[in-house]
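Undergrad: Quick one: this structure, given as structure tokens, is what I'll be asking you about.
Derivation of every value follows stated rules applied to the coordinates shown; laboratory data play no part. Treat the numbers as computed from the prediction; the structure is a model and nothing was measured. With ideal geometry, Cβ positions are generated from the backbone for all residues, glycine too; neighbour counts draw on all protein chains shown.
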Amino acid sequence: MSTLLKPEAVNRPSMAAQAAESVVIVMAGADQLPVRRKGGAKPVSVDLLAALVEAALPDGFGGVSRIGFETAWEAMAPETRRALTDDLTCYLGWSASEKRQAFPADPEDLVRYLRWLEQGRGFRPATLTRRIASISRIHRMLSLSSRDTLPTRAAMVADALKAARRRRGSQQRQAAGVRLGPMMNPQDEVEGVTLAMLFSVCTSDLQGLRDGALLAVAFESGLRVSELAAIHIRDVDPQADGRGILTIGKTKTDQEGEGRYAWLSVDTMRRIGAWLEASGLEDGPLFRRVGVDRRQGRPARAPQDYFSIPGHTRHWQERLQGRPAEPPLARYAIGEGPLTRQGIGVIYKRLVRAVIDEGMVELEPGREGDLVRAISTHSMRVGLTQDLFASGEDGAGVCQAIGWRSVSTALRYVRKQSVKGGAVSRVMDGLRR
């Protein structure tokens, strides 16, 4: 593997700034990094899932097949495991509070559960459908019933889901897309936060170099957040022309790990090179936590005459001897493990807040929070999809490039955008003015 390009084109700290501040970079374990606030992802395992199910089974069931659970668990994607565990925890909590038997489930109880989710918790139909799918999966893992006799397939459960969709509508709340910035065609319109805006608020210190590289790779690769966090330095293959090829291993739609590749531009490779050069990383995860501890500098103090020092002074020896000037100190601690999906989401939202503070986007007063909440770890993937469709790429090409499961999935994110370039607009624009 050839060496990464030198990052001349990337904003770096000036020599004067480097001289004014002492910089220390250390590799640190998780215990040496700042403690995250509560709300991080809880660890999940097959042991936890089996324990939850065993505790909810009726007396005399005979226990859970350990090998069956392990086999089913190994076949799941990591995000599927987490969603299944979360959904099961919610369902079991409701069953316990309502004194209902969780397994085997009764269709009437499932309808009551769906009503509680919708009316009591305010969940949308898509979430209700996922919760029922998780309950169905647990029943199959326990061999409680055949596929045709699953309680989740009862007519009343299907009707309850249909009624929820009629009441609330089936349209899901979507992450706001972060697009590149320039318009892709004359009818195109780019709104909200753009990638160019986010780049402009990335600082030139170690954390900012990491952020810039993360944004660039996230946008050009269109990876899901779990796939983005899993990138290792060895997965980036620099090419002779300055561009790069990113090797992508297991994904949500490729659990066998056949792999695919993503193209990286010269600018992205320069940003990766700047981050690696500044951090000194050579192997392991590409994107990691960066803890920052800044200390203010102290001016020099000349020695003071003994008799001029007040008697109650605590540090009179320092005044007597004087002290040299101490420049500001910035200590950066780089984590050993990769960023988590929660960590990447925090980075995106922090940069979006910086864009808002700089006044780069026009917002109605009081709507700043709505924009921040609309940005998620899915926003880069959505924005790239919108840019590719706006530039004239067809659905099959977009799905192949980004890894969408189907064209219909990708089209969900360009429904409003595609109206401007649709058949009606192309025909009628010139006839009805």
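Undergrad: Which one of Ala333, Gly343, His312 is farthest out on the positive end of the charge dipole of segment 305-349, using unit charges on Cβ (Lys, Arg +1; Asp, Glu -1) and the Cα centre as origin?
TA: So the residue furthest toward the plus end is Gly343.
Undergrad: Within segment 279-304, name every residue whose backbone N is under 15 Å away from a label modeled 7 Å from Cα of Glu368 along the Cβ vector.
TA: Inside the label zone: nothing.
Undergrad: For segment 116-165, what are the per-bin percents of Cα-Cα distances with bins 10 Å wide, up to the bin holding the maximum?
TA: That works out to 25, 51, 23, 1, in percent per bin.
Undergrad: Only four residue types carry charge here, +1 at the Cβ of Lys and Arg and -1 at the Cβ of Asp and Glu. Report the dipole size of segment 104-254 about the Cα centre in Debye, rounded to the nearest 20.
TA: 1000 debye
Undergrad: Based on the mean of other beta carbon atoms within 10 Å per residue, what is the order of 367-373, 299-305, 100-106, most packed first?
TA: Listed from highest to lowest mean packing, they are 100-106, 367-373, 299-305.
Undergrad: While we're looking at this one, here's another question. Along the charge dipole of segment 46-168, which of Leu128, Gly68, Leu144 sits closest to the positive end, that is, farthest toward it, with unit charges on the beta carbon of Lys, Arg, Asp and Glu (+1, +1, -1, -1)?
TA: Positive-most Cα among the choices belongs to Leu128.
Undergrad: For Ala176, list long-range residues whose amide hydrogen, built 1.01 Å from N in the peptide plane, is under 5 Å from its own amide hydrogen.
TA: For Ala176, the qualifying residues are Ile375, Ser376.
Undergrad: With Rg and the Kirkwood Rh both taken from Cα atoms, where does Rg over Rh land for segment 297-360?
TA: 1.37
Undergrad: When you have a sec, figure out the Kirkwood radius of segment 198-318 from all distinct Cα pair distances and drop it here in Å to one decimal?
TA: By the Kirkwood definition, the hydrodynamic radius is 17.5 Å.
Undergrad: Given 10 Å bins starting at zero, what is the percent of C-alpha pairs of segment 46-168 in each, up to the one with the largest pair distance?
TA: 12, 46, 34, 7, 0
Undergrad: Continuing with the same structure: Hey, got the dipole for segment 46-168? About the Cα centre, +1 on K and R Cβ, -1 on D and E Cβ, debye to the nearest 20?
TA: For this selection, approximately 760 debye.
Undergrad: Please report, in Å, the Rg and the Dmax of segment 349-412, where both are computed over Cα atoms only.
TA: When restricted to the Cα atoms of segment 349-412, Rg and Dmax are 14.8, 41 Å.
Undergrad: Okay, next question. For Lys349, Lys99, what's the fewest-to-most ordering of other Cβ within 10 Å of each Cβ?
TA: Lys99, Lys349
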